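Notes follow once the structure below has been shown.
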Amino acid sequence: METGTRFVHTADWQIGLRANHVPGDHGAAVRLARYDTVKRIADVARDADADFVVVAGDVFEHHALAREPLQQAFEALRAFHCDVFLLPGNHDPYTPDALYRSQWWGRECPKHVKVLWQRRPLDVGAATLLPCPLLERDNHDPTAWLSATVGPADRVRVGVAHGGVREILQRLHPDDEAELHNDLPIGLSDRAGLDYLALGDWHGRLQVNDRTWYSGTPEPTRFKEKDPGHVLVVEVDKPRAAPRVTSQRVSKFTWQKVVCTLNNGDHVAALERQLDEVPNRSNTLVELVLDGHLDLTLRARVEHEIIDRYRGVFPLLRVRDEGLFVRLTDADIDQLPRDGWIGQVVDRLRRGVTEYTFDECQEALQRLHTLYQATLHAGGVR
C-alpha cells in the first residue's frame, strides 16, 4: 500500500488584483500575468508528478470578480493534470457572497478543482488534508478545531491554513501589526500531529519550522514582500517522516528595491550603472530609494537624465527621494539677491537657524533658489 505523497503547496494567487499603483498598459500586464503564472504552476505539478496541488488561501483578490476574469481563471486551472484544492482565505472567505457559491462557479469550474470549505479531514491518495478555511472576514484562529486526535494517524497528515504566525511576523516586521491576519499558533504542526502544514497569507517564501512553510505568492504584488515568486514541491515518504521541500520559481515579474546614497558624481554614475545592470528590465518593477547630498547640477542630472530615462525602461519606477538633499554651492547662493528681505533670509539660512537642522536650512535655500530662478525667468524680478 502506498504510504507517501508528493504535492505542490502554493497560496495567495490574488486573481483579480487591481494593481492600480502600476499605471497604464503595464498595470494590465501585471494583472494578466497571474493567469500565466497559474499555468506555470501546473507545469511544475506535472513535472513533479504531484498527487495534488493545495492553494492555501486568497486564491482570489475579492468576491466581486466579473465573469470574464473568472473564466480566465478556470481556463488556467484546466492546465492541471491533478486535483487542485482551494482554501478560502481572508480575501475570499467562504461567506454567503463567495465566488465559490455562485452559479458560474457551479456550472463552469473544472471538476478537478475542489474548494476546501469544510473543517473536516479529507483523504487524498495516501494523504489526509486537514483544511482550516476562513468562513468569515473577522480575525480568529481557524485552526482551533485541529488536534492530534482529529483524522487518521496512519496517513500523511497535511494541514492547510491561512493566517499569520505572530512570533514570526513580529520578528520580520516589528512595527507593522497590520500584517497579521488570523493569528495562528507557532506550534500548530506539533500540537495537531501534522506531517506538513501548508500556510498562506505571508507573501514571501518562509520556513517556520521543519514541518511548516509559507509558500509565498507565486506572482509578487508589492515591493515590501520578502522572497515572493515561488511554489513548493513537498514530499513526505510516510507518516511522521520529515518532509522534503523543494522551491520552484514561477513568477513573471520581479519587484526590486534599489537603495543608493548619492554624494558626488561617482555615486551618480554608479547609480546609472546599477540600473543598467538590472536583469530582465522589461519585467522588473523598481522602487528607487535615494538619500545623500548633491549640488544642483548633479541633482538635475539624476532627475532629468537618469530617472526620466528609466521611467520608460521599467514597467514601474517608483522614486522615494525624501532623503536626498540639494547642497547649494557658494556660487549657487551668490546668484540670490544680497539685499532686501531675500538677502536677509539667505544670510540667516547660511548661518543656520536654531530650530532647524543643517539639512532643513539647505532645503529651504534650495527652494528659495528654485523659486527665485523661476520668477527671474518669468520676468517677475526687476
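Table for the structure above
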{"quantity": "Peptides 30-40, 105-115, 51-61 ordered by average Cβ neighbours within 10 Å, highest first", "calculated": "51-61, 30-40, 105-115"}
{"quantity": "Rg over Rh [alpha-carbon atoms, Kirkwood Rh] for segment 254-377", "calculated": "1.07"}
{"quantity": "Net charge, G343 excluded, C-beta distance under 13 Å - Lys, Arg +1, Asp, Glu -1", "calculated": "+1"}
{"quantity": "Distance (nanometres) between label positions extended 7 Å along Cα→Cβ at N264 and E136", "calculated": "6.4"}
{"quantity": "Difference of contour (0.36 nm per residue) and Cα-Cα distance, T375 to W341", "calculated": "10.7 nm"}
{"quantity": "Cα-based Lys pair tally, segment 5-249, threshold under 28 Å, eight or more apart or on separate chains", "calculated": "5"}
{"quantity": "Residue with peak Gaussian network fluctuation, the chain [Cα springs, cutoff 10 Å], from N20, N182, N90", "calculated": "N20"}
{"quantity": "At 0.890 mPa s and 25 °C, Stokes D of segment 1-112 from Kirkwood alpha-carbon radius, µm² per second", "calculated": "166"}
{"quantity": "Estimated Rh, the chain: Kirkwood, alpha-carbon pairs, angstrom", "calculated": "23.9"}
{"quantity": "Cα-based equivalent ellipsoid, segment 92-251: semi-axes from gyration tensor eigenvalues, Å", "calculated": "23, 22, 17"}
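Where a number appears in this text, it was derived from the coordinates with a stated rule and is not lab data. None of the values given here were measured: they were computed from a predicted structure. Ideal geometry is used to build each Cβ from the backbone, glycine not excepted, and the neighbour counts take in all protein chains shown.
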